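Chemist: Below: one structure in structure tokens.
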Amino acid sequence: MDRAQPGTTTADPALQRQLAQAFAFLRQGKVGEATRLCDSLLAAQGGNAEVLFLASETRLAADDPEAALGFITAAADAAPGQLPLLLKKADNLIMLRRRTQARQVAADALAIAGNDGRALWAIGKVYSKCDDPLNARRLYERAFAAMGGDPGLLYDLATTQLFGGDIAAAEATLDALLARAPGAGHALYLRSTLRRQTAASNHVDDLRARLAAGFRRPAERVACLFALARELEDVGQPDQSFRVLAEAAALKRKALAHDAAAERASIDALRAACTPEAMQADAAGHAEAGAIFIVGMPRSGTTLLERMLARHDDVESAGELLDFGQLLAAAARERRQASPGSTLVEASLEIDFAALGRDYMASAREAAPGSRMFIDKMPVNFIYCGLIRKALPNARIIHMRREPMDGCYAVYKTLFNQAYYFSYDLGELAAYYTSYHRMMQHWHAVMPGAILDVHYEDLVADSEGQARRILAWCGLDWQSSVLSPSENTRPSTTASAAQVREPIYTSSVRKWRNHEAGLAPLKARLEEAGIVDADGNGLR
């Protein structure tokens, strides 16, 4: 609903004007004025569903999701059968990491949705946000049958088909989408990621024709350029591929309002604060075992390792969870309120680590219910390794490493979905990689033996030897099934969703060598930082 009023409207014109004014305040960022007006309406008409919905929105704007959930629940109870209110409640629950409850609310909404295509589509999105693409796909298919081929719906359907490994269906859906919306650049890029293109079967000419015809929005052109760069590399034209990629990345970076220096500064500040003394200070964490964190740079092989481990009978993947970072940030903000003179970084070292670990385990296990051990494959958790150790002393942390030049090139050529904004400029990418590299060196120094490093190149060259080493680290018995990650039927919702369906391969090793000239600025920065040698080889 996005701060619009729910479906039914009050018959009281005066109340309607006040509600409209309160929502206008919210849109203008005047949270205090909206809250004061809302509270006066609650005092007078606290049982009105629209007033309760407004109260939920004001609490969300004030960063109080618990209070917001209470009000949206009351609004849904006051107006039974209002799908917008149920869907908003589900979104609130997802925000609070209560995935089981969110799925139940989605089921309640489904019971009253009937054959309303847009309602089915919206409910499918709830399941998708709960990392349940299989149920999302079923609802998107029902929505398609009810309302036809809306391009947005077709894109959502194609992504769930890809995540579930149904590549042929995803390609057919994207072809149908592009027939309706030829300028849908995001669909062009997704289509190019579904499989490795060949000289006999590719979309290079089609993509060039679409670029020549032009796009209405710059973002669509950017996505088409990324698609063309990918396909040109697949068909053996690396020079043309990199020229197109450089253009695409520059246009993408230009469109982003992102402070890369501030992002790096926050990582460096945490590293500086987590001194050996701070890491050795007593912190009664939550003793529960079962969490396996896979951390590292994106595109470093984290998904391959996840798919291997999840083939073990005692392990389930929870996906890429934002939970630890979100819970840590919330705890640090609360602690900072009690110590106004401290920074957020300082406050993060003074929180109740046992409570953080307990809250994390409760929310994460909802994403992987019933398993003895679960994987949290959020790469950027590398930032928090020391705090993870304090909160969850019995968790396993595995750091996936990849040759720096290969890893950075793999990041640079990927069009991410609202993530990794540092990746579109070679200078910023090198600087971020340097911060990451220093952070991981720091964690090894201040808590030796707490993190297992796994090199991607070793994993693909000696899969069994590395798998035995990893399973032993996790306290798991040997199962040969881990050597067949492509047989893992669980959905994959990462940028590697298509590649993980293939057997383990080594063709991505040293791929950056095809683009040495274009990647020279990156190599120079990494060499200056002492991360690679003069030949571009990583210094282990």
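The values are calculated or read from the model by the stated rules, or taken from the named source; none is laboratory data. Note that the coordinates shown come from a computational prediction; the quantities given were computed from them, not determined experimentally. Cβ sites come from the backbone with ideal geometry, for glycine too, and all protein chains shown count toward neighbours. Each accessible area value is taken on the protein alone, full model and side chains, heavy atoms only, with ligands, DNA and RNA left out. Shrake-Rupley method; radii C 1.70, N 1.55, O 1.52, S 1.80 Å.
Chemist: Given only helices, namely DSSP H runs of n ≥ 4 each adding -39500 (n - 2.57), what is the per-residue ellipticity at 222 nm of the chain, to the nearest 500 deg cm²/dmol?
Modeler: Numbers: 26 runs with 320 residues, N = 540.
Value at 222 nm, helices only: -18500 deg cm²/dmol.
Chemist: Apply 1/(1 + (r/R0)^6) to the Cβ-Cβ distance of Asp268 and Ala219, taking R0 = 30 Å, and write down the FRET efficiency to the nearest 0.05. Intermediate values should be presented prior to the final figure.
Modeler: Values: r = 31 Å, r/R0 = 1.04.
My answer for the efficiency is 0.45.
Chemist: Which of the GluC sites (Glu not before Pro) across region 34-137 are loop residues per DSSP, with 15 or fewer other Cβ within 10 Å?
Modeler: Details: sites: Glu50, Glu57, Glu66; in loops: none.
Here no loop site has a sparse enough neighbourhood.
Chemist: Quick one: if you stick a label point 7 Å off each Cα along the C-beta vector at Leu96 and Trp478, how many nm between them?
Modeler: 4.8
Chemist: Cα atoms only, the chain: Rg and Dmax in Å?
Modeler: 24.6, 75
Chemist: Can you list the residues, at least 5 places off or on another chain, whose amide H is less than 5 Å from the amide H of Arg401, using H built in the peptide plane?
Modeler: For Arg401, the qualifying residues are Val454, His455, Tyr456.
Chemist: Ignoring ligands, DNA and RNA, what percent of the 1.4 Å accessible area of region 1-152 is carbon and sulfur?
Modeler: Details: 3520 of 6870 Å².
On region 1-152, the fraction of accessible area on carbon and sulfur atoms equals 51 percent.
Chemist: Still on this model: Taking H placed 1.01 Å from N in the peptide plane, check which residues at least 5 places from Glu316 or on another chain put their amide H under 5 Å from its amide H.
Modeler: Met373, Phe374, Ile375
Chemist: Let me make sure I get this right: for region 118-267, a, b and c are the square roots of the gyration tensor eigenvalues over alpha carbons, sorted descending. Under 1.5 in a/c it's rounded, otherwise prolate if a/b > b/c, else oblate. Which is it?
Modeler: Details: a/c = 1.85, a/b = 1.29, b/c = 1.43.
It comes out oblate by the Cα gyration axes.
Chemist: On full extension of the chain, what length is gained from Ala246 through Ala209, given 0.36 nm per residue of separation minus the C-alpha to C-alpha distance?
Modeler: Values: separation 37, 0.36 × 37 = 13.32 nm, distance 1.94 nm.
Gain on stretching Ala246 to Ala209: 11.4 nm.
Chemist: For the residue pair Asp64 and Thr506, what label-to-label distance in nm results when each label sits 7 Å from Cα along the Cα-to-beta-carbon direction?
Modeler: Calculated label separation equals 6.1 nm.
Chemist: Return the lysines within reach of Lys254: Cα separation strictly under 21 angstrom, same-chain partners fewer than 8 residues apart disregarded; answer none if there are no such residues.
Modeler: Within the straight-line limit of under 21 Å, Lys254 reaches these lysines: Lys413.
Chemist: Quick one: if you stick a label point 7 Å off each Cα along the C-beta vector at Arg138 and Ala257, how many nm between them?
Modeler: In this crude spin-label approximation the distance works out to 4.1 nm.
Chemist: What is the extension gain from Arg469 to Arg180, computed as 0.36 nm multiplied by their sequence separation minus the C-alpha to C-alpha distance, in nm to one decimal? Working shown, then result.
Modeler: Working: separation 289, 0.36 × 289 = 104.04 nm, distance 5.05 nm.
Taking Arg469 through Arg180 to full extension adds about 99.0 nm, to one decimal.
Chemist: Please work out the average accessible area per residue across the chain, using the 1.4 Å probe convention, and give it in Å². Let's see the in-between values first.
Modeler: Values: 22580 Å² over 540 residues.
So the chain comes to 42 Å² accessible per residue, rounded to a whole number.
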